[in-house]
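The values are calculated or read from the model by the stated rules, or taken from the named source; none is laboratory data. Remember, it's a predicted structure, so these values are computed and weren't measured experimentally. All Cβ positions, glycine included, derive from the backbone under ideal geometry; neighbour counts span all protein chains shown.
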Amino acid sequence: MLSLRDVHVHIGKLHILQGVNLEVRPGESAALLGRNGVGKTTTLRAIMGLVSKSSGAIRFDEFDLSNYPAHKIPGKGIGYVPQGRGIFPNLSVLENLNIGVTGKRDTEREDYVFTCFPRLKERLKQAGNTLSGGEQQMLAIARCLMMRPKLIILDEPTEGIMPRLVSQIRREIYRIGQSGVSILLVEQNVETALKLCPNVFLMEKGAIVYSGAAHDLKGQPEIVRRYLGLSQ
Ligand SMILES: Nc1ncnc2c1ncn2[C@@H]1O[C@H](COP(=O)(O)OP(=O)(O)O)[C@@H](O)[C@H]1O
Ligand SMILES: [Mg+2]
């Protein structure tokens, strides 16, 4: 479904991605893990066409994503929830939710996302910047779901969010996966990532250094320690 083959990205003189290989299969969830600054966000931005690659291939289904400008990529079926959420502060919850919807409102889909995140329904007319961090994250995920994506890409969705909302967000990410949508998740909390995603990619210095099943990684604490700097 999604595949990256030997993807390189340079920003100025820096060689940020140094040959990333990664694959997400239909209906499967994968976690992309690694220490701060190893290139996780840049990988996601390269997929979404927000940073240009110097070489390599990025494919999604039958599409070569290099052929599409960034604004056309969500329409191919990829939803992206960026680190920091990207909510429009002065637009209401309802306006934020429908920002990518062209043509008439899809109220059936709105009802679906409100069953995922009932808190949003209670705050429809509130401006984006009056929501808590966790609520903004819910809105960012809900906004992606409005587009009926086949794959949803989440960059640290529980970063800086109060614990009570973190568990709700995790539960919904799990349910999104169960509904058949593929997930690519960047997450600092390794335990959570391994619970939510059966497949794992570990990144270091701009390249994938380990890929495998989450349950295999659980039995290899030395790898987790080496690449993530903590013990399981
Ligand atoms: N626009 C940019 N200009 C300069 N350096 C950048 C830019 N974007 C990312 N980097 C650098 O690339 C490296 C990888 O960043 P990033 O992909 O954000 O890492 P991660 O998400 O894993 O923390 C970091 O060293 C970061 O400083
Ligand atoms: Mg990042």
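Of the residues making up segment 24-42, those that are out of contact with any Lys or Arg (no Cβ under 9 Å at 6 or more places or on another chain) and not in a loop (DSSP other than H, G, I, E, B) are 24, 29, 30, 31, 40, 41, 42. Being in contact (Cβ under 8 Å) with a residue 40 or more places away in the chain, in contact with a Lys or Arg (Cβ under 9 Å, 6 or more places away or on another chain) and within 16 Å of ligand 2 (Cβ to nearest atom): is that true of residue 57 here? When the stated conditions are applied, residue 57 does not pass them.
Exactly one residue out of 66, 29 is more than 13 Å from the chain's Cα centre (by Cα) and not aliphatic (A, V, I, L, M): that is 66. Only a single item in (1) of a type outside the set (Ser, Thr, Tyr); (2) more than 16 Å from ligand 2 (Cβ to nearest atom); (3) part of a loop (DSSP other than H, G, I, E, B); (4) under 27 Å from residue 227 (Cα atoms) is not met by residue 5, and it is number (3). Looking across 37, 49, one residue alone is under 17 Å from residue 203 (Cα atoms) and either surrounded by fewer than 22 Cβ atoms within 10 Å (Cβ to Cβ) or touching a residue at least 40 places away in the same chain (Cβ under 8 Å) (or both). It is 37.
Selection of segment 39-60 for residues being near ligand 1 (Cβ under 10 Å from one of its atoms) and within 19 Å of residue 199 (Cα to Cα) yields 39, 40, 41, 43, 44. Please work out which residue is farthest from residue 147 (Cα to Cα), limiting yourself to segment 178-213 and to residues that are hydroxyl-bearing (Ser, Thr, Tyr) and crowded, with 18+ Cβ neighbours inside 10 Å. Filtering first and then ranking leaves 210.
Evaluation of residue 88 against the conditions (1) in a helix (DSSP H, G or I); (2) surrounded by fewer than 22 Cβ atoms within 10 Å (Cβ to Cβ) shows that the sole unmet condition is (1).
Just for segment 2-12: of the residues that are more than 22 Å from residue 156 (Cβ to Cβ) and modelled with pLDDT of 95 or more, which one is surrounded by the most Cβ atoms within 10 Å (Cβ to Cβ)?
The residue in question is 8.
Picking from residues in segment 187-221 that are in contact with an Asp or Glu (Cβ under 7 Å, 6 or more places away or on another chain) and away from ligand 1 (no atom under 15 Å from the Cβ), the one that is farthest from residue 20 (Cα to Cα) is 198. Name the single residue, out of those in segment 136-159 being more than 16 Å from ligand 2 (Cβ to nearest atom) and β-branched (Val, Ile, Thr), that is farthest from residue 84 (Cα to Cα). Among them, the one singled out is 152. Yes or no: segment 59-69 includes at least one residue that is touching a helix residue (DSSP H, G or I) at 6+ places or on another chain (Cβ under 9 Å) and either in a helix (DSSP H, G or I) or surrounded by 22 or more Cβ atoms within 10 Å (Cβ to Cβ) (or both). Taking every residue of segment 59-69 in turn, at least one turns out to be touching a helix residue (DSSP H, G or I) at 6+ places or on another chain (Cβ under 9 Å) and either in a helix (DSSP H, G or I) or surrounded by 22 or more Cβ atoms within 10 Å (Cβ to Cβ) (or both). When the residues of segment 157-177 are filtered to those that are within 16 Å of ligand 1 (Cβ to nearest atom) and buried (at least 20 other Cβ atoms within 10 Å of the Cβ), which remaining residue is nearest to residue 60 (Cα to Cα)? Checked segment 157-177; the qualifying residue nearest to residue 60 (Cα to Cα) is 157.
Among the residues of segment 104-124, the ones that are surrounded by 11 or more Cβ atoms within 10 Å (Cβ to Cβ) and either assigned to a loop (DSSP other than H, G, I, E, B) or of a type in the set (Gly, Ala, Ser) (or both) come to 6 in all.
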